[in-house]
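All remarks here apply to the structure that follows.
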Amino acid sequence: MTIASSTPPAPRRLDPEDAQLALRQVQDLLRRQQLVSELAHRQYAENDRAGLMENLLHRQHDAEIKLLVDQLHPADIAFILESLPKDERQIIWSLVDHSHDADVLLEVDDWVRESLIEAMDRQDLVAATSDMDADELADIAPDLPPDVVAEVQKGLTDEERARLLTAMGYPEDSVGAIMDFEMVRVREDVTLEVVLRYLRRLGELPDHTDQIFVVDRQDRLQGTLPLTRLLVSEPETDVRDVMSPDFLALSPTDSDADAAGAFERYDLVSAPVTDEQGRLIGRVTIADVVDVIREDSDEQALSRAGMQEEDIFAPMRAAMRNRAPWLLLNLCTAAIASIVASRFEDTVSHIVILAFLMSIVAGIGGNSGNQTMTMIIRALAVGRVTPDNVWRLIKKELSVTLLVGLCGSLVAGGFAWFISGEISIALVMMGAMVCNMLVGAGVGVLVPMVRARFGKDPALGSSVLLTFATDSLGFFIFLGLATIFLV
C-alpha cells in the first residue's frame, strides 16, 4: 500500500527580485543564442552540418527561455518585455504561452503593447482578448485593429457589449475609463442569511471585494455592507439594519486623479460609481488607483523634462522627435543668458573673478526654484491650491526663500571674500544670491499655476522655463550689481 504525502506544496512567494533575476537569465540565453549563430555562420562554408547544429541549439535555448518565462507571473513577464530591445522582445513574446497573452497585454505599458500587438496575427489577438472583461477590453481597444475589436464584440452578450461601449465612451483620464463592472449587489430588504447563500453560489468574489453594494429595485445605491460586518452579524438580521448609509460615490466623469486622492484620503479599497440618477453602474478598486498613481507620477517626471513617454529602446528618429523640441528651446534660453552676460564684458574684464562666481548665483537660484516648483506641482496635483489660498501660498514661499537665501548668502559671501579678498565682491555676491533665489521661487510658483489656470500640464517643460529665468536674470542681477558698485 502506498501512502501519499499530505504535505502541501510550498507556497510560491512573489518577489520583484525574481523578475530581475529572470531578466538577467533571459539576456544571458539570448547572448548565447546570438554567439551560436555567429559561430555557425562562420563555419557553414566548411561544414554542411553547421546549419543543423545551429537550429538544434536555437531550439534548446528557446526551450530554456520558454520554461523560465512560463513560470513567471504575467506582471514579471511584462517587466522583462519592457526591459528588452524590440527585436529581443519579439523573440521572448513568441515563446510566451498563449494562456498568458491577455494578462501580459494588460500589464505592459502602452508603448510596449503596440509592438506586441504588431507581432501577433489576427487569430491570436482574437483568442487573447475574447475572454477579457469589458473594462479590460476597453483599456487596450485603442491599440487593437478595428476588425479584431469588431470580431470580439460578436462574442459578447448584449450586456457585455453595452458595458464595453460605455467604458470606451469616457475620456481616458476619467473614472469611467478605469471602473470595473464586476461587483456584488444586494437588496436592502433581505436577510444576511440570504446574502451569505447568494455569495456561496457565486463561488468566487470579484477581486478586491471589501464591501457589498445595497441597491433598490431601480438599482439606485442605498448604502454599503462591509464584509466584516456581514460576517460578525446575526444571519437573521436584515441588510438595511447593518448597512452603512454613509458612503463615498464617484461619478464616471470625475478625474481619475481625484478618485486616487479620495482613496488616499479615506483609505478605501473600493468605491462605487453612480450615474446622475444615483444608479450603481460600476466600481473603482485600489488596483485601478495604484495604476493611476504610478502613471501620473511617471508622466509628471517626464513632463518636467519636456518629454513624453517613449520606448527606452525606441529608434533614434522617434527619440529625437520626443526630446528635441524642449532641448532646442533650452538652447535658445541658454543663448539668451549668454547674451545677457556678454553685455557686461567690460565689468568681467576688469574683475575676472566675477566670471567664476556668477555660475554659483545662477545655480543656487535654479535649485531654490526647483524646490518651490516641486511643492507647487504636488499641491496642484492633489487639489490643495485654491483661489482663496493662492496669494497666501505665494507669500509663504517667498518668505521661506528669503530666509533661506539670507542664511545661504552668508556662506556664499564668505566664500567670495575668501577667494577674492574683497569685501565689496562678497557683498555683491550676497545681494545677487538672495535676489536670484527670490526670482527662482517666484517663477517656481507662477509657471505651474499659470499653466494649470489655462488647462495645461503644470509640469510640462517647467524646469526649462525656470532655468531660463534663473540663468538670465541671475547673470543680469549679479553683473548689474557688480557694474554699479564695483566698477
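The values are calculated or read from the model by the stated rules, or taken from the named source; none is laboratory data. Keep in mind it's a predicted model, so treat the numbers as computed, not measured. Note that each Cβ is placed from the backbone with ideal geometry, even for glycine, and that neighbours are counted across all protein chains shown. To get the accessible areas, we keep the full protein, side chains included, count just its heavy atoms, and leave off ligands, DNA and RNA. Shrake-Rupley method; radii C 1.70, N 1.55, O 1.52, S 1.80 Å.
Points to keep in mind about this one:
- Among residues of the stretch 108-135 being out of contact with any Asp or Glu (no Cβ under 9 Å at 6 or more places or on another chain) and among the charged types (D, E, K, R), the one that is least open to solvent (accessible area, probe 1.4 Å) is D121.
- Within the stretch 457-481, the set of residues being modelled with pLDDT of 80 or more and part of a loop (DSSP other than H, G, I, E, B) comprises P458 only.
- Flag for A150 being closer than 26 Å to L199 by Cβ and in the same structural domain as L95 (by the TED database): no
- Flag for A102 being in a helix (DSSP H, G or I), under 18 Å from V152 (Cα atoms), open to solvent by less than 60 Å² (accessible area, probe 1.4 Å) and not β-branched (V, I, T): yes
The rows are residues; the columns are (1) open to solvent by 40 Å² or more (accessible area, probe 1.4 Å); (2) over 16 Å from Q25 (Cβ atoms); (3) free of Cβ contacts under 8 Å to residues at least 40 places away in the same chain.
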residue	(1), (2), (3)
L56	yes, yes, yes
H61	no, no, yes
E64	yes, no, yes
L67	yes, no, yes
Q71	yes, no, yes
P74	no, yes, yes
A78	no, yes, yes
L84	no, no, no
E88	yes, no, no
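- Being open to solvent by less than 40 Å² (accessible area, probe 1.4 Å) and either in the same structural domain as F468 (by the TED database) or in a helix (DSSP H, G or I) (or both) is not true of I360.
- Subset of the stretch 447-487 (residues that are out of contact with any Ser or Thr (no Cβ under 7 Å at 6 or more places or on another chain) and among the aromatic types (F, W, Y)): F454, F475, F476, F478
- Selection within the stretch 172-211 - out of contact with any strand residue (DSSP E or B) (no Cβ under 9 Å at 6 or more places or on another chain) and part of a loop (DSSP other than H, G, I, E, B): E172, G203, E204, L205
- Among the residues of the stretch 369-388, those identified as among the polar types (S, T, N, Q) and open to solvent by 10 Å² or more (accessible area, probe 1.4 Å) are N370, Q371, T374, T386.
- Residue in the stretch 180-199 that is nearest to E236 (Cα to Cα), counting only those that are touching a Phe, Trp or Tyr at 6+ places or on another chain (Cβ under 9 Å) and touching a residue at least 60 places away in the same chain (Cβ under 8 Å): R185
- Condition check for P235: farther than 27 Å from D135 by Cα and in the same structural domain as T285 (by the TED database): yes
- Among residues of the stretch 214-231 that are within 16 Å of V194 (Cβ to Cβ), those with a Cβ under 8 angstrom from a residue that is part of a helix (DSSP H, G or I) and open to solvent by less than 30 Å² (accessible area, probe 1.4 Å), sequence gap 6+ or separate chain, pair up as V214/V239; L225/V195; L225/V239; L225/V242; R229/V242; L230/L192; L230/V195; L230/V242.
- Scan of the stretch 219-262 for residues that are open to solvent by 90 Å² or more (accessible area, probe 1.4 Å), under 26 Å from R163 (Cβ atoms) and either among the acidic types (D, E) or not in a loop (DSSP other than H, G, I, E, B) (or both), ordered by number: R220, D258
- Which listed residue, of A128, A63, A75, A134, is over 29 Å from the mean Cα position of the chain (by Cα) and aliphatic (A, V, I, L, M): A63
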